[in-house]
1. So which residues in region 1-49 are more than 13 Å from the chain's Cα centre (by Cα), of a type in the set (Gly, Ala, Ser) and surrounded by 11 or more Cβ atoms within 10 Å (Cβ to Cβ)?
2. Hey, does region 13-22 have a residue that's touching a strand residue (DSSP E or B) at 6+ places or on another chain (Cβ under 7 Å) and without any contact (Cβ under 8 Å) to a residue 40 or more places away in the chain?
3. Which members of region 50-75 meet the condition of being closer than 24 Å to residue 12 by Cα and over 11 Å from the mean Cα position of the chain (by Cα)?
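We did not get these values from a lab; they are worked out from the coordinates using the rules stated. All values derive from a computational prediction rather than experimental measurement. We place every Cβ from the backbone using ideal geometry, glycine too, and count neighbours over all the protein chains shown.
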Amino acid sequence: MKKNLIEIWGDLVDLKDLIIAIAICSVTTMGSFFLAPAADTTKQLFFGLGGAVLGFVISAVLIKPKRTVIEEEEN
């Protein structure tokens, strides 16, 4: 089975995992933003940032790295 890998900032990423991570981060960011009081833009900013961090943590826990590291000894 061939993986759909794309290159982002010099690293190969599985397209399916990328879309899942973007969806998780978008939902948590916007959800937190809309939980903040509508009259206070400062709280909206910080709630949104908190949601983005929460989305990152959830994505990091759910999506495992697929990188294989091979160390070679130099003689």
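1. 31, 32, 36, 48
2. Yes.
3. Kept after step one, since they are closer than 24 Å to residue 12 by Cα, are these residues of region 50-75: 52-72.
Residues satisfying the conditions are 64, 65, 66, 67, 68, 69, 70, 71, 72.
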